[in-house]
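Have a look at the structure below, then the notes.
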Amino acid sequence: MNRHLPLYTAIAGAVGQVVLIGLVNPLFTVIAMLLIDRIGRKKMLLIGSTGMSLFPMLFAKAYLSRHFEGHYHSHPKPVCKV
């Protein structure tokens, strides 16, 4: 995706975003390398996989509990015709 990003953003007229991504990407790469060296690969893998499995479950619970009803969307009310 990073190879094609300048083309897509030039078409969209958002060249400033390419510059921002070009600056942020190496910064966070260095931060990630330092974290991996300090914490360790196995521990980072366990933390990441735990987060990737817990947060979708939390989002599903919030969605199914109708916490968002009325704010962003509303669930259709069932119509029962006898």
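Here, each number is a calculation from the coordinates, and none is a lab measurement. Remember, it's a predicted structure, so these values are computed and weren't measured experimentally. Glycine also receives a Cβ, built like all others from the backbone with ideal geometry; neighbour counts cover every protein chain displayed.
Before moving on, here are some points about what is shown:
- Pairwise FRET efficiency - L27 versus F59, Cβ, R0 = 35 Å, nearest 0.05: 0.80
- Residue separation of M52 and L35 scaled by 0.36 nm, minus their Cα-Cα distance, works out to 4.3 nm of gained length.
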